[in-house]
Amino acid sequence: MTQTTATLPTSATATTMSSGLRSLHLIRVAFSLIWVALVFTTSASLVSADEPTVIAAVLLVVYPLWDAVATLIERRLTGAGSTNGVSTINMGLGLAATAGMFVAVFSTIGRALLVFGVWALLSGAIQLVVAVRRRRTVGAQWPVAVSGGQSVLAGATIAATSASATSSLSTVAGYSAFGAFWFLVSVIALSIRSRREKR
């Protein structure tokens, strides 16, 4: 796959990019917290052998779909660069996970957890790659890298235990809550970097 070589942005462009990413990450924090609250109040007791309720099905389908949309917005904020090819793969993965989840929710929670786990693992690996490639053009990418690594480990665990009788949707709610935490840390890290650059 051919990828465009990233060029270092001007100070003004970098500031705009950083500001846009902070806003997007705050939106992602809000989305994740609302999603977690809805899971815990409506679906946390559903375990592997249960059939998803309508609310649980909607929540499970919406999550990877939102991630694909957020990836598209992030790509537009950061412009052309070495992460475009990777972000395209990530968007495709999010849409594939959405389609897979749409099928899984007509089966059992266990199947949905398997789809979710595989998607979390792969998207986490992609997030790690993006963080490494973007460290020079945007900076303050260590929270994104840590979040990606955590997503890989959590995804592998969710997928491996998806058939367990005790596996439930509270597991993915915990995953989303940690994701929200790291997006918030990323906002703080980007803000600190932006203030240092203005001095």
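The values are calculated or read from the model by the stated rules, or taken from the named source; none is laboratory data. The shown structure was predicted, so the numbers you read here are calculated from the model rather than taken from an experiment. When we count neighbours, we look across all protein chains shown, and the Cβ atoms used for this are built from the backbone with ideal geometry, even at glycine. To get the accessible areas, we keep the full protein, side chains included, count just its heavy atoms, and leave off ligands, DNA and RNA. Shrake-Rupley method; radii C 1.70, N 1.55, O 1.52, S 1.80 Å.
Descriptive notes on the structure:
- Annotation: amide H-H contacts under 5 Å for residue 167 (H modelled 1.01 Å from N, sequence separation of 5 or more, or interchain): 48.
- Virtual paramagnetic centre 7 Å along Cα→Cβ of residue 58, amide N under 20 Å, in region 106-129: 106-109, 112-113
- With all protein chains in place and a 1.4 Å probe, the accessible surface of region 140-198 carries 68 percent carbon and sulfur.
- Ligands, DNA and RNA excluded, the heavy atoms of residue 34 present near 100 Å² of accessible surface to a 1.4 Å solvent probe.
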